[in-house]
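First the structure, in the form of structure tokens, and then the observations on it.
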Amino acid sequence: MKGLIKIIVTLLIIIILTLGTTGCWNRRELPALGIVMGVGIDKAEGTDELEITAQIIKTSELKSSTPEEGGAGGGSSGAGAYWNVKNSGNSMFSTIRGFTHRTSRKLYFPHNQIIIFGQSLAEQGIQEYLDFLLRDQETRLEVLMLVAEDKSSDILSVKSQLEKIPSVGISDLMDSQAANSQTSVIRLNQFVTRLMSPTTAPIAPIISVQGKADNKELAVSGTAVFKRDKLIGQMNKEETRGLLWVINEIKSGIIDIECLDQEGTVSLEIINAKSKITSEIIDHKPYIKIDVKEEGNIGDQSCTASLVSPDAVATLEEKKTEAIKDEIESALSKAKKLNADVFGFGDILHKKHPKEWQEIKDDWDKIFPDLEVEILVEAKLRRSGNLGPPAAPPEKE
């Protein structure tokens, strides 16, 4: 009996080891793949067709090339670490499949960093193009999503000064936006979640080309605002940070205010920020309250006044509170002007007051522009850095 058990155990071990040595039935070798790092989606000029730009890594030259050598041209020149290849078609799926006529490698999307929609296409509506990105198994839901100020293909053609692949440079550029919190950073799944909401308006950062000829560089500034899937307007830096205050997306930043009783400015760094949105129904009307709490430091000052006394600190906190409220109010004003609930107020009312929401949901577009919103801000200064009073020459007596 013991011998039989040993034989069975031995056979099981052999079977398990044999299974571990089998190959991958669906593997694809690296030289057969066109690894896509960025995708631009535009409306083709002069037609109703779609134009897609895919930024593909040229793996054979990636190690040897430098950012200055990176090129957007194709062909067999061999220069640069990437290739921007374009194709046009009637749908996302057929256009991407059509790249097989232009490149010998099948496009491979799991490493894609960014998706950029051209402005004219975004104004027409982008829902039908999002379907492929969500349905295909290779695309990632965490990919960054942006809107170009003009054409997305122009964005992908601007060489990065720090990275070999422009798409990687754009991805890193978006990661750095937390330092100022003046640009929304949106991923595909976040955009789609807003798109599927009955009331919350989708948003995306705006990227543009600055400069001319060999001095071109990219900049992200402001926020594209959508109504359903169509681009209807944009928010500037101040309005964008006002939006981020409300939706609890402030990471850091600088608030400049006037010095006390002197000419010059004081730069106050945002260290910590929290916000909360609550809702009520009063006399059958929805009411929203925004509660923001912020803590920060004195970053620098261009005046010579001492700002570390209790009275000076209290005055600075009042000025900072007003500056934050002004940013929030500017965002509210723009959102109401566009009639786009970028803050998600409708979803909050739906969750907390489901019965009352059924009575007002069909009229939300009429209610939102006149919605009563209360803004409460509590701003604190905690530190002044390594200095108390500024290092300045003594005043003449």
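The values are calculated or read from the model by the stated rules, or taken from the named source; none is laboratory data. All of these numbers come straight from a predicted model, not from anything done at the bench. Please note: Cβ atoms are built from the backbone with ideal geometry, for glycine as well, and neighbour counts cover all protein chains shown. When the accessible area is computed, the model is the full protein with side chains, heavy atoms only, and any ligands, DNA or RNA have been set aside. Shrake-Rupley method; radii C 1.70, N 1.55, O 1.52, S 1.80 Å.
Could you sort out which of LYS151/LYS237; LYS159/LYS336; LYS293/LYS352; LYS227/LYS319; LYS237/LYS274; LYS159/LYS293 sit more than 31 Å apart by Cα distance in this structure?
Working: LYS151/LYS237 21 Å; LYS159/LYS336 38 Å; LYS293/LYS352 23 Å; LYS227/LYS319 35 Å; LYS237/LYS274 19 Å; LYS159/LYS293 40 Å.
Table pairs above 31 Å Cα-Cα are LYS159/LYS336; LYS227/LYS319; LYS159/LYS293.
Between ARG97 and LYS337, what is the FRET efficiency for a Förster distance of 45 Å, r being their Cβ-Cβ separation, to the nearest 0.05?
Details: r = 42 Å, r/R0 = 0.93.
The pair ARG97/LYS337 has a calculated efficiency of 0.60.
Quick one: length gained pulling ASP261 to GLU372 fully straight, 0.36 nm per residue minus the C-alpha distance? Show your work: numbers first, answer last.
Working: separation 111, 0.36 × 111 = 39.96 nm, distance 3.57 nm.
Stretched fully, the ASP261-GLU372 segment lengthens by 36.4 nm.
Considering only protein heavy atoms, what per residue accessible area in square angstrom results for the chain with a 1.4 angstrom probe?
55 Å²
Calculate the dipole size of segment 142-299 relative to its Cα centre from +1 charges on Lys and Arg beta carbons and -1 charges on Asp and Glu beta carbons; express the result in debye to the nearest 20.
Details: 18 positive and 23 negative charges, 163 e Å.
Dipole magnitude for segment 142-299 comes out near 780 debye.
If each of SER197 and ASP214 carries a label point 7 Å out from its Cα toward its Cβ, how far apart are those two points in nm?
Computed distance between label sites SER197 and ASP214 equals 4.7 nm.
Would you list which lysines come within 16 Å of LYS164, measuring only between C-alpha atoms, while excluding same-chain residues fewer than 8 positions from it?
LYS58, LYS63, LYS216
Quick one: of the DSSP bridges fully inside the chain, what percent are antiparallel, nearest 5?
Values: 50 of 75 bridges.
Approximately 65 percent, going by the DSSP bridge assignments.
Against the 2.2 N^0.38 Å scaling, with N counting residues, where does segment 137-196 land? I'd like the Cα-based Rg ratio to two decimal places.
Details: Rg = 12.8 Å, N = 60, 2.2 N^0.38 = 10.4 Å.
After normalising by residue count via 2.2 N^0.38 Å, the value is 1.22.
Once Lys and Arg get +1 and Asp and Glu get -1 on their Cβ, which of PRO354, LEU338, ILE324 lies farthest toward the positive end of the dipole of segment 315-355?
Ranked along the dipole, the leading option is PRO354.
Between ASP150 and ASP48, what length comes free when the chain is fully extended (0.36 nm per residue of separation minus the Cα-Cα distance, one decimal in nm)? All intermediate terms of the calculation are to be shown ahead of the outcome.
Working: separation 102, 0.36 × 102 = 36.72 nm, distance 1.69 nm.
Here the segment from ASP150 to ASP48 would lengthen by 35.0 nm.
Would you calculate the volume per residue, in Å³, of the smallest convex hull containing every Cα atom of the chain? Present the calculation step by step, with values, prior to reporting the outcome.
Details: hull volume 110.5 nm³, N = 397.
Here the figure is 278 Å³ per residue.
Taking only Cα atoms and a 10 Å spring cutoff, compute GNM fluctuations for the chain and point out the largest among VAL373, VAL292, VAL185.
Of VAL373, VAL292, VAL185, the Gaussian network model singles out VAL373 as fluctuating most.
Quote the charge dipole size of the chain about the Cα centre in Debye, to the nearest 20; the model charges only the Cβ of Lys and Arg (+1) and of Asp and Glu (-1).
Values: 47 positive and 58 negative charges, 502 e Å.
For the chain, the charge dipole is close to 2400 debye.
Using a 1.4 Å probe on the protein heavy atoms, what percent of the accessible area of segment 262-397 belongs to carbon and sulfur? Walk me through the numbers on the way to the answer.
Working: 3750 of 8010 Å².
Of all accessible area on segment 262-397, carbon and sulfur atoms account for 47 percent.
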